[in-house]
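Below: one structure, written as structure tokens.
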Amino acid sequence: MTRTLLTGNAAAAWGARLAQVDYVPAFPITPQTEIIETISTWVDNGTMQGRMVTLESEHSMITAAGAAATTGVRVFTATSSQGLLYGMEMIYTVAGWRAPFVLVNVSRGLASPITLEPDHNDIMAARDSGCLQIHCATCQEVLDSVLLAYRMAEDHRVRLPVIVNLDGFYLSFTREPVEIPAPEAAGEFLPPYDAASTRFAASAPSSQAVAVLGGSPYSYFRYESHLAALQAITVYEEAATAFAGVFGRQHATVEAYRCEDADIVFVMIGSFATKAMAAVDRLRDAGQTVGLVRPRLLRPFPGERLLQLLAGKRGAAVIDQNISMGMGGVLHAELAASLYGKPDAPPVLTSFIGGLGGRDITPEEFFEIAAVTRRAATEGVTPPPRLLYTSDEYREIRKLQTIAHAERNALESEP
Amino acid sequence: MTSHEFRRMKDLPSTQLLGSGTPMCAGCGGLEALHEIYDVLGPGTVFVNAAGCMTLLAVYPFTPFRGSWLYTAMASAPAGAQGVRDALDILIAQQRLPAREDLQVVVLTGDGSAYGMGLSATSGAIERDLDFIYICYDNEGYGNTGQQFSDATPHAARTATSKGPLGFSGYKKDLFSIWAAHKPAYVATVIGAEPLDLARKIETARQLKGPRLIIALAPCPPGWDFDPRETADIGKLAVATGVWPLKEYIDGKVVHTKVPHPRQPVEAYLRKQGRFAHLFEPQRNAALLQELQDRVDRYWESVAG
């Protein structure tokens, strides 16, 4: 098999191209822009057949994406961070339309302070929207996940938008060897979109996204979306099996790494999980039985699979690349909710926040996380959530603060 | 059908395509205009709606439309129209949809969206030369939430958020000129109380391609504080006093389609509406009344000849 060096962004664009999408509403934002630039080049030179239109905002972009999907075409779009939040009203809205399309989000920390580098608070903000979520750790996964996402979104048991998430910089701008599927094989895996009754046509008038009066019909339609999202676990597993059959690559709902005999397990999503994998190898070299589980699906939440993988472990350490102010890590809370009261659940579930705004998580920190979790398991006491920050970093920020104060004092002392 | 076929009131369609029994208020000037507009456009339409009074036209499981409907959000109905239009074009070009299945894409919003929150999306849609019709029913306030002032509220009007003795301190935004500055295919003002002028303009818009934008002044009994039976009379007075100039922008020129001559005093229009009652009671505010008259006079002087 030949493999090509592709950035995560180029891999996402290849996913859209191989899905033979009809329509790409777009709006630029760092670090996503390369995706739409790549697609734009292909559309302009005729190597890609779809139609692309640049809207004037992400709010409009997501509206157009949902509206085109409800009219009966296959839609791809992409955004990041502030863009996802600017369009958030429509992220929720189009999920309720049951408009099946795929959005690639290139994760980037949220303002304030404004920054360009990644964490997962942007995508976590879409958690309760009804859009399903696939989280990627490699560029190959980005391409493959776009194809898988269409299978899941368009399935008649699901009919919901799917967000494929990759980390800004670490994946978006990092070249990795990627096997680009042949168009025929991609077409075999992903047949043309069957809109069925989700469309507009003169001879078949339809009213979509109408208002409801009262909580009863409202609840019904909200429950219906939730149940459809739950069905997506089965649909995803079927699609992943079919994908492995065509391409030979496995993309389970949860990736498990050296987990079987592990007594302590890291839990992470996204590309930083590859750092955890390296740490697992080093800890194993030192004789520690540590493993990693990495949920690829976050919505629907693969709770049963996670319980299977974590059953009987002494402790699990959740490393969240997000922070819910006043609560802590979102993934930790989700996993705790999912495992609570289950007889085989690990007795200790520690929580660590790290990697915010692209901050690295070093091997030493993973070693410390493993040690803290092991100690907690032995003592039977779970420590409070920890915010990863080294003394070196603290010294650096104190220096910056000293400069800021000096600058302000200098200004104030001017005559 | 060409626009010239609407010569007299008798030529107007009497199909009454829009169903009755909607939750709009009695005497709704927006609904009056929509009835007339829909009869000209016909059921081969998909209405793309923004949050406003008319969002309640289609409440599950009912709709008064024979054709299609998509509710979006307050700010982005033109972007919804973009998605629907593009998708229809793609399906027709790929022969996945026969051309006879095509639809006229019609944005339907109130003034809150058109003059304010949705203006950026409209500007973008016009700039992209989107082939669509935009209908704004302009009741000069955030009507669905109880008539707070909006960017479309006229000077001195009392609203739920301008209850002082001078009413609203701002001035009605000139959306017609803002839209026309984008050089779209067509812009027009209409009012339900002048159905012949309205039908001619909707027919003109129907036959053109590209962005076609219509503002329908929508007398609003609860918002403007008048008896529902007065809707048509107040609409006629809006035109006869020159407060609501009926005009169209086409081929780069603005043409007034019905020039009131002689113009009735603005006071005749204001007196009928509770939202202007503070100009007359307890004391007559002669200075403010004169200012309102002067503004209308200056407008017509500026467009004369």
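The values are calculated or read from the model by the stated rules, or taken from the named source; none is laboratory data. In this text, all values refer to a predicted model and were calculated from it rather than measured experimentally. We place every Cβ from the backbone using ideal geometry, glycine too, and count neighbours over all the protein chains shown.
If the condition is being more than 23 Å from B:VAL105 (Cα to Cα) and of a type in the set (D, E, K, R), then the stretch B:133-157 contributes B:GLU140, B:ASP151.
Taking the stretch A:78-94 as the range and being within 20 Å of A:SER225 (Cβ to Cβ) and either out of contact with any Gly (no Cβ under 9 Å at 6 or more places or on another chain) or crowded, with 24+ Cβ neighbours inside 10 Å (or both) as the test, the residues that pass are A:LEU84, A:GLY87, A:MET88, A:GLU89, A:MET90, A:ILE91, A:VAL94. Among the residues examined, B:LEU56 does not qualify as farther than 26 Å from B:THR153 by Cα, facing another protein chain (nearest Cβ under 9 Å) and either modelled with pLDDT of 95 or more or in a helix (DSSP H, G or I) (or both). Restricting attention to the stretch B:125-138, does a residue exist that is crowded, with 24+ Cβ neighbours inside 10 Å and either of a type in the set (S, T, N, Q) or facing another protein chain (nearest Cβ under 8 Å) (or both)? Scanning the stretch B:125-138 turns up no residue that is crowded, with 24+ Cβ neighbours inside 10 Å and either of a type in the set (S, T, N, Q) or facing another protein chain (nearest Cβ under 8 Å) (or both). Taking every residue in the stretch A:209-225 that is free of Cβ contacts under 8 Å to residues at least 12 places away in the same chain and surrounded by 13 or more Cβ atoms within 10 Å (Cβ to Cβ) and pairing it with any residue that is of a type in the set (Phe, Trp, Tyr) and in a helix (DSSP H, G or I), at least 6 positions away or on another chain, the pairs with Cβ-Cβ distances below 9 Å are A:VAL212/A:TYR218; A:VAL212/A:TYR220; A:VAL212/A:PHE221.
Scan the stretch B:114-122 and give yes if some residue there is among the small types (Gly, Ala, Ser), more than 7 Å from chain A (Cβ to nearest Cβ) and either touching a Leu at 6+ places or on another chain (Cβ under 9 Å) or surrounded by 21 or more Cβ atoms within 10 Å (Cβ to Cβ) (or both), otherwise no. Yes, some residue in the stretch B:114-122 is among the small types (Gly, Ala, Ser), more than 7 Å from chain A (Cβ to nearest Cβ) and either touching a Leu at 6+ places or on another chain (Cβ under 9 Å) or surrounded by 21 or more Cβ atoms within 10 Å (Cβ to Cβ) (or both). Looking across the stretch B:90-111 at every residue that is at the interface with another protein chain (Cβ under 7 Å from one of its Cβ atoms) and outside any loop (DSSP other than H, G, I, E, B), the one that is surrounded by the fewest Cβ atoms within 10 Å (Cβ to Cβ) is identified as B:ARG100.
Sub-9 Å Cβ pairs linking a first residue in the stretch A:1-29 that is touching a residue at least 40 places away in the same chain (Cβ under 8 Å) to a second residue that is of a type in the set (Lys, Arg) and surrounded by 24 or more Cβ atoms within 10 Å (Cβ to Cβ), at least 6 apart or interchain, are A:ALA19/A:ARG74; A:GLN20/A:ARG74; A:VAL21/A:ARG74; A:ASP22/A:ARG74; A:TYR23/A:ARG74; A:ILE29/A:ARG108, ordered by first then second residue.
With respect to being more than 7 Å from chain B (Cβ to nearest Cβ) and either surrounded by fewer than 24 Cβ atoms within 10 Å (Cβ to Cβ) or at positive phi (or both), A:THR7 fits the description. When both residues are 6+ apart or on different chains and their Cβ atoms are under 6 Å apart, which pairs have a first residue that lies in the stretch A:329-348 and is in the same structural domain as A:GLY312 (by TED's automatic domain parsing) and part of a loop (DSSP other than H, G, I, E, B), and a second that is modelled with pLDDT of 95 or more and exposed (fewer than 15 other Cβ atoms within 10 Å of the Cβ)? Sorted first by the residue in the stretch A:329-348, then by its partner, the pairs are A:ASP344/A:ALA311; A:ASP344/A:GLY312. For the residues B:ALA87, B:ALA51, B:ALA81, the requirement of being within 11 Å of chain A (Cβ to nearest Cβ) and not in a helix (DSSP H, G or I) singles out B:ALA51.
Of all residues in the stretch A:22-38, those being under 19 Å from A:CYS139 (Cβ atoms) and buried (at least 24 other Cβ atoms within 10 Å of the Cβ) number 4. Scanning for something part of a helix (DSSP H, G or I), closer than 14 Å to A:LEU297 by Cβ and among the basic types (Lys, Arg), does the stretch A:124-135 turn up at least one residue? Looking for residues that are part of a helix (DSSP H, G or I), closer than 14 Å to A:LEU297 by Cβ and among the basic types (Lys, Arg), one finds none in the stretch A:124-135, hence no.
Scanning the stretch A:113-136 for residues that are within 11 Å of A:GLY357 (Cα to Cα) and either aliphatic (A, V, I, L, M) or surrounded by fewer than 24 Cβ atoms within 10 Å (Cβ to Cβ) (or both) gives A:PRO113, A:ILE114, A:THR115, A:LEU116, A:GLU117, A:ASN121.
Could you tell me whether any residue of the stretch A:98-110 is part of a loop (DSSP other than H, G, I, E, B), within 20 Å of B:ILE90 (Cβ to Cβ) and at pLDDT below 95? The answer is yes; a qualifying residue exists. In the stretch B:4-27, the residues that are over 15 Å from B:GLY192 (Cα atoms) reach residues that are of a type in the set (Phe, Trp, Tyr) and modelled with pLDDT of 95 or more with C-beta atoms within less than 7 angstrom, at least six apart or across chains, in these pairs: B:LEU17/B:TYR38. Is it true that some residue in the stretch A:295-303 is touching a Leu at 6+ places or on another chain (Cβ under 6 Å) and either in a loop (DSSP other than H, G, I, E, B) or in the same structural domain as A:CYS139 (by TED's automatic domain parsing) (or both)? Yes, some residue in the stretch A:295-303 is touching a Leu at 6+ places or on another chain (Cβ under 6 Å) and either in a loop (DSSP other than H, G, I, E, B) or in the same structural domain as A:CYS139 (by TED's automatic domain parsing) (or both).
Here B:LYS172 clears all of (1) closer than 24 Å to B:MET74 by Cβ; (2) crowded, with 21+ Cβ neighbours inside 10 Å except the condition numbered (2). Flag: A:VAL164 does not match the condition of being surrounded by 20 or more Cβ atoms within 10 Å (Cβ to Cβ) and part of a loop (DSSP other than H, G, I, E, B).
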